[in-house]
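Written below as structure tokens is the structure these notes are about.
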Amino acid sequence: MPPLARRAVVVAVATLALLATSAVYAHTAGEATVKTGRWHGIKWKLTAGTWPDGSYCIAMTVGSGPENGRSCGSIRKERISYMAHTGRPAPADVEGPVIAKARSVQIKFFDRPQIRISTIAPPPTLDPGIRFFVAVLPCPATPRSFVARNAAGRIVAQLVIAHRLGPKAPC
């Protein structure tokens with residue numbers, strides 16, 4: 001392929017990637033802060049946007065810099081989703097959206113004991129059909145499954161990760 005044609009292909013691919021990224025971020029204009037906290041003096045913040053069709057965007061920021069992670073999708077099918085980050089020296093985190101009926105989420109890991117956390121109601125500016133969960137952990141953790149339960153303890157959503165994603169990280 002001639003050099004000029006190669007450059008044209010690279011520019012076309014970069015332009016399409018930029019347009020796709022802009023479309024995703026344009027969809028997140030109505031985001032709100034769901035929860036904030038501190039981990040050994042380091043600030044963290046979970047923000048989200050939700051829509052009546054079950055779609056969502058969540059973003060986690062640790063420290064004062066840019067977002068550490070962002071995920072957008074829909075909980076229409078599985079009724080729960082997640083995003084996880086294992087960064088050093090910042091804490092590891094696991095967060096996600098879940099259907100509004102959920103009041104707790106049990107997270108099992110491949111490399112640490114399981115935890116059970118309460119869900120968080122959405123801020124008033126977000127669609128009430130989605131609640132959230134967030135866990136800030138002292139060391140890397142690889143989620144294996146998520147089980148969401150309602151106030152009576154019945155399972156209302158479940159997500160199982162079939163294979164371990166990534167290498168085991170020491171704590």
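The values are calculated or read from the model by the stated rules, or taken from the named source; none is laboratory data. These figures come from a predicted structure and were not determined experimentally. Note: accessible area is taken over every heavy atom of the protein model, side chains too, but ligands, DNA and RNA are not part of it. Shrake-Rupley method; radii C 1.70, N 1.55, O 1.52, S 1.80 Å.
When nucleic acids and ligands are ignored and a 1.4 Å probe is applied, Lys45 ends up with an accessible area of around 80 Å². Computed from phi, the 3J(HN,Hα) profile of region 40-48 under the Karplus parametrisation 6.51, -1.76, 1.60 (θ = phi - 60°) reads 6, x, 8, 6, 9, 8, 9, 10, 7 Hz, with x in place of Gly and Pro. Applying the Karplus relation 6.51 cos²θ - 1.76 cosθ + 1.60 with θ = phi - 60° to region 133-143 yields 3J(HN,Hα) values of 9, 8, 10, 9, 10, x, 8, x, 8, 10, x Hz, where x marks Gly and Pro. Bridging of Lys45 to aspartates and glutamates at a Cα separation below 12 Å is possible for Glu67, Asp93, Glu95, once same-chain residues fewer than 8 apart are set aside. Among Lys77/Lys108; Lys43/Lys77; Lys35/Lys101, which pairs are too far apart, with a Cα-Cα distance over 24 Å? Beyond 24 Å: Lys43/Lys77.
Measuring spread by the Cα atoms of region 40-171 yields a radius of gyration and Dmax of 14.2, 40 Å.
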